[in-house]
Each structure stands twice: as C-alpha cells, then as structure tokens.
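Asker: Quick one: this structure, given as structure tokens, is what I'll be asking you about.
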Amino acid sequence: MADPVAWTFACGGEIVEQLDALTDVLPAENGVEQRRGLRLSPRTTLEFSGLEEGAARRHLEHLLHANGAGRWWVPFPMDRGALPEPLAAGATAVPVDTRWRHYRAGGRALLLGATPRDYELVDVDEVASDALTLAEPTVRDWPAGTAVLPVALARLDGMPSLSRFTSDAVPYQVRFLFEEPVDWPATAGAAEYRDVPVLEVAPDWGDDPAWTPERQFVEEDNGTAPPARFDPQGGPRGLAMRNYTLLSMEQAAAFRSLLYALDGRRCPIWLPSLAGDLQVVANVSNGATTLDVGWTGLSAWPLAQGRRDLRIQLRSGTVLYRRITAATAVGDDVERLTLDAAIGTGFTAAQVALVSFLVPVRQEADAVVLRWWSHGTASAQLSFRGLRDGL
C-alpha cells in the first residue's frame with residue numbers, strides 16, 4: 001500500500017465538520033427505550049472547497065490521479081495556528097497554541113509554507129498547551145508565520161468534480177472521511193440534576209428555539225365506526241430544535257465535548273425550555289420546601305410528564321433544580337408547589353429571572369454538523385426528542 005499523501009492545498013469558504021454516531025434504539029409502545037451505541041467514537045468527515053491555478057492546479061490534478069483512492073494526511077483547517085518565531089532545522093519542539101485543537105500524542109502535525117509543495121510532516125510525541133514535542137527533529141528551517149495544523153488519516157469520500165472555471169484555474173470541493181478514530185474528551189459540562197447532565201449551553205436567539213409537543217398515537221379504524229385513537233405513552237414526547245453559534249475555539253471545543261458525551265441518540269440530557277413557564281409571586285425563605293407561583297393549572301390535573309422538574313434562575317446567575325411533588329391552589333390566582341428538596345438560601349420574587357420546565361431528552365439524530373465560518377466561529381443545529389421522565 002502506498003504511503004499516505006499530505007493534503008496541503010488551501011481551503012476557502014465554509015468548512016463542514018460532521019460527526020456520525022451510530023445508535024441502536026429499541027422502543028417500547030409506552031415510550032421507554034433501550035439505546036445502545038454501536039461505535040466507540042463517531043465517524044468524522046470534513047468538507048471544504050478551494051481554488052487552485054497554475055502549477056498548484058496541475059499538482060492537485062496529478063495527486064488526485066495518483067492517489068485518488070489512497071489515504072491522505074488531512075489537516076483540520078479550523079485548527080490552524082502559526083509559528084510565532086522562526087524554527088531552525090533540527091528542532092525537537094514546535095511552539096504553537098494547541099488548546100482546543102485536534103493535536104494528540106502519537107499523532108502527526110503539518111508545517112505548511114507558502115505553496116502546496118512547501119511542507120513537512122512531523123511526529124508528535126507530547127502535547128503541551130503552547131508547544132508540540134516531536135519524536136524526531138525537523139529537517140529544515142521554517143520562518144515565523146508558517147502554518148501549523150494537526151492532521152489525521154482519511155480517504156476521499158467520493159471523487160471531487162473539478163470545474164473548468166478557466167483553462168488554468170480549478171474551483172473544487174472535497175469531502176474526507178477519517179479512517180482513524182478522531183478522539184475527543186467527552187463531557188456534557190458541570191451542571192447535573194438527578195444524575196443526568198443539564199444542557200446549559202445558551203442557544204442562538206437569532207433563531208426561534210422551536211418546540212413541538214408531538215405525541216405517538218395508536219389508531220384503530222375498521223372503516224365503519226369513528227376511528228379509535230390511543231395514547232399509550234400518556235404524554236407528549238416533544239421535538240425541540242436549537243441553533244447554536246460558537247464564538248471561540250474554546251466554546252467550539254466544549255460543544256464538541258458535549259456532542260461526544262451525547263454519543264448521537266444514546267445518552268440523555270435535561271433540556272430547559274428557557275421560557276418563563278412559571279412566575280414566582282411570593283418571597284422564598286431559607287430552607288423553604290414550597291414555591292408560590294401564578295396560577296397555570298398545575299393543581300387542576302395530576303402532575304404530568306415534562307411538568308414536574310424546574311430550572312430556577314436568579315438574576316445573580318444562581319441556578320437551582322428542583323422536582324415538584326405536589327401542587328395545590330391557594331386562592332384563584334396562586335398555586336403552591338411542594339418541592340422535593342429545600343431551598344437553602346432564600347430569595348425574593350423580584351430576584352427570580354426565569355423559571356423553566358426541565359425535560360429529559362436525547363438527540364433525535366446520530367449525525368451532527370458543525371459549520372465553520374472562520375478559525376474561531378462555528379454554528380450547529382441540534383434536535384432533541386423528549387423521553388419518559390421517570391429518572
């Protein structure tokens with residue numbers, strides 16, 4: 001098998017990073033699910049475009065002819081860094097910001113100069129926050145400003161179409177499927193309620209975070225009598241759509257960690273509605289186990305799925321999570337909610353910024369796309385399906 005070839009051509013425009021988990025979901029009629037992850041880590045694909053002309057265009061076309069079906073050392077363009085100072089031949093360390101990027105010990109990195117032919121692949125022995133320690137020294141000098149990128153083994157996921165924009169310029173779009181696992185730390189963040197993480201990443205409010213209270217009906221129709229409809233799950237399994245804009249490499253890295261923790265459709269997470277679902281109408285004392293809110297009808301019906309868990313956010317930034325165990329009417333306009341745990345430090349009604357319902361959800365899809373606008377800005381859309389909340 002031929003040695004992998006480094007992909008050293010510049011990319012432009014949007015970079016699409018896609019993570020594909022694989023989940024086996026076995027649902028019961030009452031809404032309970034058995035979910036199994038079938039991959040140790042999600043498959044990763046990168047898609048980007050570029051434009052080459054002259055000698056670089058001819059070089060690109062030759063490599064596609066020679067190695068189109070082979071393996072490539074593909075850089076992560078959004079992780080691009082630069083040498084802050086010249087690097088001499090024989091260097092055993094490369095100074096570069098490695099934080100929140102795909103560098104790993106035992107992996108490789110790419111030093112890339114001004115042309116696609118001007119590059120060097122180096123083996124990474126150790127990764128520090130501000131430098132790479134190399135397994136072997138560099139073979140040549142590199143000036144300050146040289147691009148440094150992490151790379152991983154990949155294959156072309158389909159052959160690119162090379163448009164003859166002119167006789168000597170070729171716009172192209174390529175999509176690479178990584179062959180080796182693209183590992184990333186999996187963590188959903190510090191917030192947790194009832195042993196399940198809470199999604200506290202703020203959505204992009206430039207788009208409507210839509211929610212649909214979908215129900216899974218079973219209908220019987222013999223064609224003569226009116227159809228009989230049943231709701232075996234006893235409540236909605238809502239579908240929520242959230243858009244996210246990530247404004248730094250740090251935010252994007254934390255968001256990717258969240259995606260790895262969710263593992264496609266496998267792992268549950270609490271999703272707050274982020275709406276003003278309840279209005280606190282009375283001050284809460286230290287150690288209180290009740291909460292007085294404006295009347296909504298909670299006391300008129302048995303406590304339903306998706307209406308039992310609360311996220312209480314104070315204007316100070318403090319966030320509390322509590323479960324409602326009972327609701328009773330106190331007059332015509334007030335309901336008193338009994339909570340499962342006392343509120344240690346009380347607050348006034350005016351100090352409450354938002355009280356939202358929490359719903360346990362999982363992702364609706366195994367595939368998630370991150371669209372990179374620049375090295376530090378990306379966007380994504382997630383869809384969530386409500387779960388039975390007997391947690």
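The values are calculated or read from the model by the stated rules, or taken from the named source; none is laboratory data. It should be emphasised that the depicted structure is a prediction, and the values quoted were computed from it without experimental measurement. When we count neighbours, we look across all protein chains shown, and the Cβ atoms used for this are built from the backbone with ideal geometry, even at glycine. Protein only, heavy atoms only, side chains kept; ligands, DNA and RNA dropped before computing areas. Shrake-Rupley method; radii C 1.70, N 1.55, O 1.52, S 1.80 Å.
Residues checked against (1) free of Cβ contacts under 8 Å to residues at least 60 places away in the same chain; (2) hydrophobic (A, V, I, L, M, F, W, C):
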site: GLN313; (1), (2): yes, no
site: THR318; (1), (2): yes, no
site: ARG323; (1), (2): no, no
site: VAL330; (1), (2): yes, yes
site: GLY344; (1), (2): yes, no
site: THR348; (1), (2): no, no
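Asker: For residues in segment 277-288 being under 36 Å from the mean Cα position of the chain (by Cα) and assigned to a strand (DSSP E or B), which is surrounded by the most Cβ atoms within 10 Å (Cβ to Cβ)?
Answerer: Narrowing segment 277-288 to residues under 36 Å from the mean Cα position of the chain (by Cα): 277-280.
If we keep only those that are assigned to a strand (DSSP E or B) as well, we get 278, 280.
Working: LEU278: 22, VAL280: 20.
Checked segment 277-288; the qualifying residue surrounded by the most Cβ atoms within 10 Å (Cβ to Cβ) is LEU278.
Asker: Can you name the residue in segment 49-91 that is at pLDDT 95 or above and part of a strand (DSSP E or B) and, of all such residues, is nearest to ALA135 (Cα to Cα)?
Answerer: Among those residues, the one meeting the criterion is LEU87.
Asker: Separate question: Sort through THR338, THR345 and tell me the only one that's in a strand (DSSP E or B) and open to solvent by 40 Å² or more (accessible area, probe 1.4 Å).
Answerer: Values: THR345 fails: in a strand (DSSP E or B).
It is THR338.
Asker: Something else about it: Would it be correct to say that ILE269 is open to solvent by less than 30 Å² (accessible area, probe 1.4 Å), modelled with pLDDT of 95 or more and either farther than 25 Å from ALA380 by Cα or among the small types (Gly, Ala, Ser) (or both)?
Answerer: Considered against the rule, which asks whether it is open to solvent by less than 30 Å² (accessible area, probe 1.4 Å), modelled with pLDDT of 95 or more and either farther than 25 Å from ALA380 by Cα or among the small types (Gly, Ala, Ser) (or both), ILE269 comes out as no.
Asker: Another question about this same structure. So, of the residues in segment 197-231 that are in contact with a helix residue (DSSP H, G or I) (Cβ under 8 Å, 6 or more places away or on another chain) and assigned to a loop (DSSP other than H, G, I, E, B), which turns out to be most open to solvent (accessible area, probe 1.4 Å)?
Answerer: Restricting to residues being in contact with a helix residue (DSSP H, G or I) (Cβ under 8 Å, 6 or more places away or on another chain) and assigned to a loop (DSSP other than H, G, I, E, B), the top hit is VAL201.
Asker: Would a scan of segment 245-258 turn up a residue that is under 28 Å from GLU335 (Cα atoms) and crowded, with 18+ Cβ neighbours inside 10 Å?
Answerer: Checking segment 245-258: not a single residue is under 28 Å from GLU335 (Cα atoms) and crowded, with 18+ Cβ neighbours inside 10 Å.
Asker: If the requirement is being more than 23 Å from the chain's Cα centre (by Cα) and among the polar types (S, T, N, Q), which of these qualifies: THR345, THR377?
Answerer: Being more than 23 Å from the chain's Cα centre (by Cα) and among the polar types (S, T, N, Q) holds for just one of THR345, THR377, which is THR345.
Asker: Okay, moving on. Is one or more of the residues making up segment 361-378 modelled with pLDDT under 95, under 20 Å from ASN243 (Cα atoms) and of a type in the set (Gly, Ala, Ser)?
Answerer: yes
Asker: Related question: Within segment 104-184, which strands (runs of 3 or more DSSP E) (wholly inside it) include 1 or more residues that are touching a Ser or Thr at 6+ places or on another chain (Cβ under 9 Å), open to solvent by 60 Å² or more (accessible area, probe 1.4 Å) and without any contact (Cβ under 8 Å) to a residue 60 or more places away in the chain? Spell out the reasoning first.
Answerer: Values: elements: 108-112, 119-128, 131-134, 147-156, 169-178.
Where strands (runs of 3 or more DSSP E) fall fully within segment 104-184 and carry at least 1 residues being touching a Ser or Thr at 6+ places or on another chain (Cβ under 9 Å), open to solvent by 60 Å² or more (accessible area, probe 1.4 Å) and without any contact (Cβ under 8 Å) to a residue 60 or more places away in the chain, they are 119-128.
Asker: For segment 233-244, enumerate the residues that are open to solvent by less than 50 Å² (accessible area, probe 1.4 Å) and part of a loop (DSSP other than H, G, I, E, B).
Answerer: Filtering segment 233-244 for residues open to solvent by less than 50 Å² (accessible area, probe 1.4 Å) gives 233, 235-240, 242-244.
Result: GLN233, GLY235, PRO236, ARG237, GLY238.
Asker: Here's another thing I want to ask about it. Can you tell which of GLY376, GLY306, GLY386 is surrounded by 14 or more Cβ atoms within 10 Å (Cβ to Cβ), in contact (Cβ under 8 Å) with a residue 60 or more places away in the chain and touching a helix residue (DSSP H, G or I) at 6+ places or on another chain (Cβ under 7 Å)?
Answerer: The unique qualifying residue is GLY376.
Asker: Let me ask something additional. May I ask you to list the residues in segment 86-103 that are among the aromatic types (Phe, Trp, Tyr) and open to solvent by less than 50 Å² (accessible area, probe 1.4 Å)?
Answerer: Start the filter on segment 86-103 by keeping residues that are among the aromatic types (Phe, Trp, Tyr), which leaves 100, 103.
Correct list: TYR103 only.
Asker: Just one of (1) closer than 25 Å to GLU214 by Cβ; (2) more than 15 Å from the chain's Cα centre (by Cα); (3) acidic (Asp, Glu) trips up GLU14, so point out which.
Answerer: It fails just one condition, (1).
Asker: Taking THR23 as the residue in question, decide whether it is in contact with an Asp or Glu (Cβ under 7 Å, 6 or more places away or on another chain), hydroxyl-bearing (Ser, Thr, Tyr) and surrounded by 15 or more Cβ atoms within 10 Å (Cβ to Cβ).
Answerer: Against the criterion (in contact with an Asp or Glu (Cβ under 7 Å, 6 or more places away or on another chain), hydroxyl-bearing (Ser, Thr, Tyr) and surrounded by 15 or more Cβ atoms within 10 Å (Cβ to Cβ)), THR23 qualifies.
Asker: What single numbered condition from (1) touching a Ser or Thr at 6+ places or on another chain (Cβ under 8 Å); (2) more than 19 Å from GLN173 (Cβ to Cβ); (3) assigned to a strand (DSSP E or B); (4) not hydroxyl-bearing (Ser, Thr, Tyr) fails to hold for ASP97?
Answerer: Among (1) touching a Ser or Thr at 6+ places or on another chain (Cβ under 8 Å); (2) more than 19 Å from GLN173 (Cβ to Cβ); (3) assigned to a strand (DSSP E or B); (4) not hydroxyl-bearing (Ser, Thr, Tyr), ASP97 violates only (3).
Asker: I would also like to ask the following. Across segment 49-74, what is the total count of residues that are surrounded by fewer than 17 Cβ atoms within 10 Å (Cβ to Cβ) and either over 17 Å from PHE176 (Cα atoms) or among the aromatic types (Phe, Trp, Tyr) (or both)?
Answerer: Counting residues in segment 49-74 that are surrounded by fewer than 17 Cβ atoms within 10 Å (Cβ to Cβ) and either over 17 Å from PHE176 (Cα atoms) or among the aromatic types (Phe, Trp, Tyr) (or both) gives 6.
Asker: Can you name the number of the only condition in (1) under 30 Å from GLU52 (Cα atoms); (2) without any contact (Cβ under 8 Å) to a residue 24 or more places away in the chain that ALA252 fails?
Answerer: Result: ALA252 passes all but (2).
Asker: If a residue must be of a type in the set (Lys, Arg) and in a strand (DSSP E or B), how many such residues does segment 289-324 contain?
Answerer: First, pick out the residues of segment 289-324 that are of a type in the set (Lys, Arg): 307-308, 311, 315, 322-323.
Filter once more, so that each one left must be in a strand (DSSP E or B): 311, 322-323.
Of the residues in that region, 3 qualify.
Per-residue answers, yes or no, for (1) under 17 Å from VAL352 (Cβ atoms); (2) surrounded by fewer than 18 Cβ atoms within 10 Å (Cβ to Cβ):
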{"position": "TRP295", "(1), (2)": "yes, yes"}
{"position": "SER299", "(1), (2)": "no, yes"}
{"position": "LEU310", "(1), (2)": "yes, no"}
{"position": "LEU314", "(1), (2)": "yes, yes"}
{"position": "ALA327", "(1), (2)": "no, no"}
{"position": "VAL334", "(1), (2)": "yes, yes"}
